[in-house]
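*Asks:* Quick one: the structure is below, questions incoming.
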Amino acid sequence: MPSIRRSTATAAALVALLAGTVTACGPSDDKAAASGAADQKGGGLQIPKGMPTSLDDLKKWKDGGWQNWDKWARRAGDFANPVIKDHWKADRLAEAKNSPEIGVQATGAGSEFDATDPEPQPVTAEQVARPYHQHMAPVGKIFFDSPKGPMVCSGTIVEDPAHPGKSNLVWTAGHCVHSGKRGGWMRNIVFVPSYNDNGVPMNQVGGTPSQQVTPYGRFWADWITTSGEWINMGSEDTGNGGSAYDFAVLHVKPENGSGKSLQETVGAAARVAFDTPSADRIGSLDAFGYPAAPPFDGARMMNCPARPGRLVMQQGTPAMNRIGCTMTGGTSGGGWFVNHGGKLTLVSNTSISSNTHTWLAGPHLGPEAQRIFQNISRKFANQ
């Protein structure tokens, strides 16, 4: 009996520690979401593959066991992201300069696909006015650990129709959370809104007060949806047909346990628009992000105002949006915005770039993107 009580207590503790850390994605979203962190099928507690399975394992995970990439969780239901308090302190945030940059050869007027428009002229990225929380509050940086070390991307707080004014959703690129067909889920994924609010140089960030580096704190992903197309087709090395589905949505919770939602904490969120007009009819838009690859260092939020054209990466996949822009790796996942009726509206996100950093391309947000967004919103609708 004592051993049974201990097992029950351990299981209960794990449920409390690990609840909400399973993900769903792609065409099998509903099936994957049903697996849950504490599945009672078969009468016993079942923890998803890759997740710590005991309190000792959880301690090992937090002490660095997450660095065992030989057991890289890949499937939808295998996602695990337990909170490791203070894992991402200001100095470690500053050290995360690498980015999962996906570059491709220039694709211009000579493309084999008729839907591809001529290669755009480069647009020089501009610095966003500071402090960022007063000028572009929904935008921030995403930090995560990968087999190549700590990495960075960009992300955007987006409105949640299930929780008006109280969203905990962040939009980014699929390759910022999952490496595609040859890999799996990234680890220790956090979102930092208005990162480095005053834009101090990166070599000074480690010594800058935390309230300026992380003005609203750190928010850990406890659930993620990305497209099945990205997981099954995507490449972390070069753009391909999977890039047309390179988007993801995070549900996050504050590291400090605050009861406020992300949107309430920051005071802003962007609307998401699906099935907007094709790229050649969108007109002008603005792409935002934190480029980290040279000549940038990831310390400052940048913007490229541009008019998009079309780019088809693979026959049978939707045409992507492409703009001239000199932003580099680290910009991945950053939102592309238009103004709809005075409301900041996200219509795409950075996915790939030219190898020479003269243009960026992002996916058209069609039914696949709308599906993953609706699934994660419904998942937390009653919470």
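The values are calculated or read from the model by the stated rules, or taken from the named source; none is laboratory data. Small disclaimer: the values here were computed from a predicted structure and weren't measured. For neighbour counting, all protein chains shown are included, and Cβ atoms are generated from backbone atoms with ideal geometry for every residue, glycine included.
*Asks:* Go through the range 120-179 and count every residue that is out of contact with any Ser or Thr (no Cβ under 9 Å at 6 or more places or on another chain), touching a residue at least 12 places away in the same chain (Cβ under 8 Å) and farther than 21 Å from Gln211 by Cβ.
*Replies:* Selection size over the range 120-179: 7.
*Asks:* Taking the condition on the phi < 0 side of the Ramachandran plot and in contact with a strand residue (DSSP E or B) (Cβ under 9 Å, 6 or more places away or on another chain), does Arg187 pass?
*Replies:* For Arg187, the condition - on the phi < 0 side of the Ramachandran plot and in contact with a strand residue (DSSP E or B) (Cβ under 9 Å, 6 or more places away or on another chain) - is met.
*Asks:* While we're here: Scan (1) in contact with a Phe, Trp or Tyr (Cβ under 8 Å, 6 or more places away or on another chain); (2) among the aliphatic types (A, V, I, L, M); (3) within 20 Å of Asp237 (Cβ to Cβ) for the single condition Ile323 breaks and write down its number.
*Replies:* Every listed condition holds for Ile323 apart from (3).
*Asks:* Related question: For the range 176-211, which positions are farther than 14 Å from Pro150 by Cα and part of a helix (DSSP H, G or I)?
*Replies:* If the condition is that a residue be farther than 14 Å from Pro150 by Cα and part of a helix (DSSP H, G or I), then Met202, Asn203, Gln204, Val205, Ser210, Gln211 are the ones that fit.
*Asks:* Within the range 290-303, is there a residue that is in a strand (DSSP E or B) and under 25 Å from Gln134 (Cα atoms)?
*Replies:* yes
*Asks:* Checking the conditions here, which among Thr350, Thr356 is touching a strand residue (DSSP E or B) at 6+ places or on another chain (Cβ under 8 Å) and closer than 17 Å to Asp237 by Cα?
*Replies:* Selected residue: Thr350, the only one of Thr350, Thr356 that is touching a strand residue (DSSP E or B) at 6+ places or on another chain (Cβ under 8 Å) and closer than 17 Å to Asp237 by Cα.
*Asks:* Gly155 fails exactly one of the following numbered conditions: (1) over 30 Å from Gly316 (Cβ atoms); (2) assigned to a strand (DSSP E or B). What is the number of that condition?
*Replies:* (1)
*Asks:* Among all residue pairs at least 6 apart or on different chains, which show Cβ distances below 8 Å where the first residue, located in the range 195-209, is among the aromatic types (Phe, Trp, Tyr) and modelled with pLDDT of 95 or more and the second is surrounded by 18 or more Cβ atoms within 10 Å (Cβ to Cβ) and part of a loop (DSSP other than H, G, I, E, B)?
*Replies:* Tyr195/Thr214; Tyr195/Tyr290; Tyr195/Met301
*Asks:* Of all residues in the range 56-78, which are assigned to a helix (DSSP H, G or I) and basic (Lys, Arg)?
*Replies:* Passing the criteria: Lys59, Lys60, Lys62, Lys71.
*Asks:* Where residues in the range 344-367 are polar (S, T, N, Q) and either over 16 Å from the mean Cα position of the chain (by Cα) or surrounded by fewer than 23 Cβ atoms within 10 Å (Cβ to Cβ) (or both), which of them is nearest to Thr276 (Cα to Cα)?
*Replies:* Looking at the filtered set, the residue picked out is Thr345.
*Asks:* Would you confirm, using the coordinates I've provided, whether Gly324 is in contact with a Lys or Arg (Cβ under 9 Å, 6 or more places away or on another chain), assigned by TED's automatic domain parsing to the domain that holds Gln204 and under 18 Å from Glu126 (Cβ atoms)?
*Replies:* Values: in contact with a Lys or Arg (Cβ under 9 Å, 6 or more places away or on another chain): yes; assigned by TED's automatic domain parsing to the domain that holds Gln204: yes; under 18 Å from Glu126 (Cβ atoms): yes.
In short, yes.
*Asks:* Can you run down the residue pairs with Cβ atoms below 7 Å, 6 or more apart or on separate chains, where the first is in the range 249-263 and in contact (Cβ under 8 Å) with a residue 12 or more places away in the chain and the partner is small (Gly, Ala, Ser) and not in a strand (DSSP E or B)?
*Replies:* Pro254/Gly217; Glu255/Gly217; Asn256/Gly217; Ser261/Ser167; Leu262/Ser167; Gln263/Gly165; Gln263/Ser167; Gln263/Ala269
*Asks:* Take the range 329-374 and flag every residue that is in contact (Cβ under 8 Å) with a residue 12 or more places away in the chain and farther than 30 Å from Pro294 by Cα.
*Replies:* Taking the range 329-374 and keeping what is in contact (Cβ under 8 Å) with a residue 12 or more places away in the chain, we get 329-338, 340, 343-373.
Across the range 329-374, the qualifying residues are His340, Lys343, Gly366, Pro367, Glu368, Ala369, Gln370, Arg371, Ile372, Phe373.
*Asks:* Follow-up question, since we're still on this one. What is the number of the single condition among (1) among the acidic types (Asp, Glu); (2) assigned by TED's automatic domain parsing to the domain that holds Met301; (3) at pLDDT below 90 that Asp145 does not meet?
*Replies:* Failed condition: (3).
*Asks:* Being touching a strand residue (DSSP E or B) at 6+ places or on another chain (Cβ under 6 Å) and more than 20 Å from Val170 (Cα to Cα) is the filter; apply it to the range 317-343 and report the residue that is surrounded by the fewest Cβ atoms within 10 Å (Cβ to Cβ).
*Replies:* So, considering only residues that are touching a strand residue (DSSP E or B) at 6+ places or on another chain (Cβ under 6 Å) and more than 20 Å from Val170 (Cα to Cα), the one surrounded by the fewest Cβ atoms within 10 Å (Cβ to Cβ) is Gly324.
*Asks:* Now for a separate question. So, in the range 281-294, of the ones that are farther than 16 Å from Glu95 by Cβ and modelled with pLDDT of 95 or more, which residue ends up surrounded by the most Cβ atoms within 10 Å (Cβ to Cβ)?
*Replies:* Gly289
*Asks:* Ok, one more. Please work out which residue is surrounded by the most Cβ atoms within 10 Å (Cβ to Cβ), limiting yourself to the range 212-233 and to residues that are of a type in the set (A, V, I, L, M, F, W, C) and part of a helix (DSSP H, G or I). It would help to see each step written out before you state the result.
*Replies:* Going through the range 212-233, the residues of a type in the set (A, V, I, L, M, F, W, C) turn out to be 213, 219-221, 223-224, 230-231, 233.
Imposing the further condition that a residue be part of a helix (DSSP H, G or I) reduces the set to 213, 230-231, 233.
Details: Val213: 23, Trp230: 30, Ile231: 23, Met233: 19.
Going through the qualifying residues, I end up with Trp230.
*Asks:* Continuing with the same structure: Which ones in the range 239-295 are within 24 Å of Gly103 (Cα to Cα) and polar (S, T, N, Q)?
*Replies:* Within the range 239-295, Asn240, Ser243, Ser278, Ser284 meet the criteria.
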